[in-house]
Amino acid sequence: MTDTNRLLMEGISDAVGFVGGALAGFWLGQLLGFDIFDTGYGTASLLGIALVGLGGGLGLHGARRWRAGRRPPQEQ
């Protein structure tokens, strides 16, 4: 795989993992009643924001693990 294709795949998979994880965190927060768009910075709003950040980080980590699993053995 050329460097350009490798970097493109890395960037796209990171973006999809981060956005997917952040959306999962957002919807989990919505199910639990934590509205990140509530007025002010109350406890529920801060917990919702934390869930979005945590979801984004976990999604990014998952995308990187997925990419590492797809790497041929000689590149590891």
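Summary table
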quantity: Residue within the stretch 41-59 that is surrounded by fewer than 11 Cβ atoms within 10 Å (Cβ to Cβ) and either under 23 Å from Ile12 (Cβ atoms) or at pLDDT below 95 (or both) present; calculated: yes
quantity: Criterion: surrounded by 15 or more Cβ atoms within 10 Å (Cβ to Cβ) and at pLDDT below 95 - qualifying residue of Arg6, Arg67, Arg71; calculated: Arg67
quantity: From the options Ile36, Ile12, residue that is of a type in the set (Val, Ile, Thr), in contact with a helix residue (DSSP H, G or I) (Cβ under 7 Å, 6 or more places away or on another chain) and either free of Cβ contacts under 8 Å to residues at least 12 places away in the same chain or part of a loop (DSSP other than H, G, I, E, B) (or both); calculated: Ile36
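The values are calculated or read from the model by the stated rules, or taken from the named source; none is laboratory data. Keep in mind it's a predicted model, so treat the numbers as computed, not measured. Positions of Cβ are backbone-derived with ideal geometry, glycine not excepted, and every protein chain shown enters the neighbour counts.
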